[in-house]
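Undergrad: Let me give you the structure first, and then I'll get to my questions.
Every number in this text was worked out from the coordinates using simple rules, so none of it is lab data. What you see is a predicted model; the values in this text were computed from it and never measured. So basically every Cβ, Gly included, is an ideal-geometry build from the backbone, and we count neighbours across all protein chains shown.
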Amino acid sequence: DTAVSQTPKYLVTQMGNDKSIKCEQNLGHDTMYWYKQDSKKFLKIMFSYNNKELIINETVPNRFSPKSPDKAHLNLHINSLELGDSAVYFCASSQGLAGMDEQFFGPGTRLTVL
Amino acid sequence: KQEVTQIPAALSVPEGENLVLNCSFTDSAIYNLQWFRQDPGKGLTSLLLIQSSQREQTSGRLNASLDKSSGRSTLYIAASQPGDSATYLCAVCRGGADGLTFGKGTHLIIQP
């Protein structure tokens with residue numbers, strides 16, 4: 001009965017690899033997001049999707065690409081991983097347009113790039 | 001550019017005390033403000049959402065207030081318990097196409 005789920009929970013990989021993090025929500029929400037929490041625990045928005053369309057794209061490297069096969073899923077694909085990509089990545093969702101409704105977060109994926 | 005500041009950065013109090021966590025934001029043109037708690041190694045749990053037209057919201061022992069014009073919000077926790085120990089995050093949204101802008105959080109420890 002998990003509302004927002006992410007897989008994997010932990011991801012350890014080498015520099016230069018390509019990896020994906022999956023996110024699914026069973027709340028019937030229209031908008032999904034990806035946030036990055038850095039080593040200093042600071043959370044920052046990366047992307048949001050509304051009805052399968054990207055509506056914001058913060059200044060993140062184009063090595064990061066969100067992919068949404070349907071309204072319930074927003075996966076994060078990362079190419080050519082770098083040491084600085086190590087962080088915890090959180091997926092979230094909300095009912096309506098970004099910011100108008102309460103956001104619900106997944107448990108996070110801790111990415112470690114060696 | 002919106003900036004969110006939370007004071008104090010850390011707080012340790014004995015069980016049973018009432019306490020106030022502070023949040024301030026630089027751009028008062030917000031759509032709403034949301035308080036979260038984050039437990040170590042876990043995700044964020046939404047506590048309270050205050051729309052810009054509201055002054056406060058209450059949930060159990062928690063009460064959040066919003067003074068949009070002065071760019072301030074407070075989270076009041078009554079009769080604190082050890083289970084309240086966590087990091088509390090404040091986040092604001094301008095609405096429309098924006099996501100949330102977070103503060104750096106207040107790390108709260110309630111001593112048994």
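Undergrad: Choose one answer from B:14, B:82, B:40: the residue with the largest mean-square fluctuation in a GNM of chain B with alpha-carbon springs under 10 Å.
TA: Taking springs between Cα atoms under 10 Å, the residue moving most is B:40.
Undergrad: Right, something else. Which links in A:9/B:68; A:22/B:68; A:19/A:71 stretch past 32 Å when you go from one Cα to the other?
TA: Numbers: A:9/B:68 37 Å; A:22/B:68 36 Å; A:19/A:71 22 Å.
A:9/B:68; A:22/B:68, as the Cα separations exceed 32 Å there.
Undergrad: OK, next. Distance between the C-alpha centers of region B:53-112 and region A:1-28? Whole Å please.
TA: One Cα centre to the other: 27 Å.
Undergrad: What are the semi-axes of the equivalent ellipsoid of chain A, taken as the square roots of 5 times the eigenvalues of the Cα gyration tensor, listed largest first and rounded to whole Å?
TA: 23, 14, 13
Undergrad: Taking Cα pairs under 8 Å and at least six residues apart, what relative contact order does region A:53-114 come out at, in percent?
TA: Values: 69 pairs, mean separation 16.6, N = 62.
For region A:53-114, the relative contact order is 27 percent.
Undergrad: For chain B, restrict the atom set to alpha-carbon positions and state the Rg and Dmax in Å.
TA: 13.4, 43
Undergrad: Could you please state, rounded to a whole Å, how far the C-alpha centre of region B:25-44 is from the C-alpha centre of region A:37-114?
TA: 16 Å
Undergrad: What translational diffusion coefficient, in µm²/s and rounded to a whole number, does the Stokes-Einstein relation yield for the protein assembly as shown at 25 °C and a viscosity of 0.890 mPa s, taking the hydrodynamic radius as the Kirkwood radius over Cα pairs? Spell out each step's value before the answer.
TA: On the way: Rh = 18.0 Å.
Rounded, D is 137 µm²/s.
Undergrad: Something else now. So in the protein assembly as shown, which Cys have no other cysteine's beta-carbon sitting under 4.7 angstrom from theirs?
TA: B:93
Undergrad: Run through every distinct alpha carbon pair of region B:48-112 and return the Kirkwood hydrodynamic radius in angstroms, one decimal place. If you can, show how the numbers build up before the last one.
TA: Numbers: mean 1/r = 0.0758 Å⁻¹.
The answer is 13.2 Å.
Undergrad: Ok, one more. Where nothing but the Cβ of Lys and Arg (+1) and of Asp and Glu (-1) is charged, how large is the charge dipole of chain A around its Cα centre, in debye to the nearest 20?
TA: Details: 12 positive and 12 negative charges, 73 e Å.
Taking the Cα centre of chain A as origin, the dipole is about 340 debye.
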